[in-house]
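Data block below; observations after.
Just so it is clear, none of the values below were taken in a lab; they were calculated from the coordinates. Since the model is a prediction, treat every value here as computed from it, not as a measurement. Cβ placement follows ideal geometry from the backbone for every residue including glycine, while neighbour counts extend to all protein chains displayed.
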Amino acid sequence: DADDDKIQRTIRGAIMVKMGLLKQISARGKVKGAIDIIHNTIDGEDGQKLIVFCYLKEVVQILKKEFKGAVSVTGDDNAQQKQMAVDKFQNDEKCKLIILNYKSGGVGLTLTAASNVLFVEFPWTAADCVQAEDRAHRNGQKNAVNCVYLLGEGTIDEYMYKLIQTKKTISDGVTGTDDEVAESKVSESDLIFGAAVELFGNK
């Protein structure tokens, strides 16, 4: 008895759940590689500070267990805890690693103590990428910022990367910029839905 609009919303919801599960599978498969990269970056006397972005709480917890001296900014932290983590990362030379999720740590924070950014999980939109990268691209940054995205070969990461890069290229062409561009949530939703239909079919 559902009308076409309700059917469409139901299909979209089911597809987004499937995409979320595929992103989780990809993230779990990249944890070991992420740990190796983090060790190579921060360990030793010449180790450098590193900003790491994740989505899954599970991934954040694994990284915090592996790197005891790391600080983190997640949705579980209150404003005071977040600021304490940022301050320690910015001011304590011994604190080499900060772990953030996109929602809580992707905007508003200044993390210029590091010029290296690692993305364990690939975000949903180009704006998420730009906002997260900009945590290191702030006033006071003295070095060139190096951003590394871990993409799982043969996983949904590859498709999401193509989708986001295509949309960013189109936006850059329209606006004449290669920097941050405004995101349309409706358009982004349509693009993701279209990609999902191609991945999963219409069933």
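Some observations on this one:
- Evaluated at q = 0.24 Å⁻¹, a Debye calculation over the C-alpha positions of segment 26-91 (equal weights, vacuum) places log10 I(q)/I(0) at -1.18.
- Amide hydrogen neighbours beyond the local backbone of Ser72, cut-off 5 Å, H modeled: Ile99
- Segment 130-163 and segment 36-84 have their alpha-carbon centroids 16 Å apart.
- Residues with amide H under 5 Å from that of Cys54, placed H, sequence gap 5 or more: Leu100, Asn101, Tyr102
- Of the trypsin sites (Lys or Arg not before Pro) in segment 57-93, those whose Cβ has at most 11 other Cβ within 10 Å and which sit in DSSP loop: Lys68
- Pairwise inverse Cα distances across segment 1-116, averaged and inverted, put the Kirkwood hydrodynamic radius at 15.9 Å.
- Relative packing of peptides 151-163, 123-135 - highest average C-beta neighbours within 10 Å first: 123-135, 151-163
- Farthest towards the positive end of the charge dipole of segment 48-114, among the residues Gln90, Leu63, Leu100, is the Cα of Leu63, using unit charges on the Cβ of Lys, Arg, Asp and Glu.
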